[in-house]
Amino acid sequence: MLQKISTDKAPAAIGPYSQGIVLGNIFFASGQIPIDPATGEIHGTTIEEQAEQVMKNIGELLKAAGTDYTRVAKTSCFLADMGDFAAFNQVYAKYFTENPARSCVAVKTLPKNVLCEVEVIAEV
């Protein structure tokens, strides 16, 4: 049975999807961009500022699903510019201390023209 995860402490979905889904004991989070859930606006102009907001959003979704960063098995990271890879990694490493499996790719454009987006799969 699919259980939809929703919290007002992370940005609402901006399309026809859920913030996250739990299936059995696995949590699948939709990609998070640097939207401040309190204002609905993009937070920050640098990769570091935007990555911090993305990580905060992911943390709130993990909490709503009953899990945390230490139980993340896989991340998928999307960058608008691979030149931001090192700076993004510095922020990422503060949160994903267990070094989950990861993909990181540069894409042509992200929603709302943000600099990064991250999705996670975690054990609940």
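Coordinate-derived values only; no laboratory data. Values in this document were obtained by computation on a predicted structure and should not be read as measured data. Cβ sites come from the backbone with ideal geometry, for glycine too, and all protein chains shown count toward neighbours.
Some observations on this one:
- Working note: Karplus 6.51/-1.76/1.60 with θ = phi - 60° gives the stretch 17-22 the couplings 8, 9, 4, x, 9, 9 Hz, where Gly and Pro are set to x.
- Proximal lysine pairs, the chain, alpha carbons under 24 Å, eight or more residues apart or interchain: 15
- For the chain, the Cys residues with no second cysteine's beta carbon closer than 4.7 Å are C116.
- Helix 85-95 axis, angle to the chain major axis (alpha carbon atoms, nearest 10°): 30
- Sequence-separation-based contact order of the chain, relative, with Cα cut under 8 Å and 6+ spacing, percent: 32
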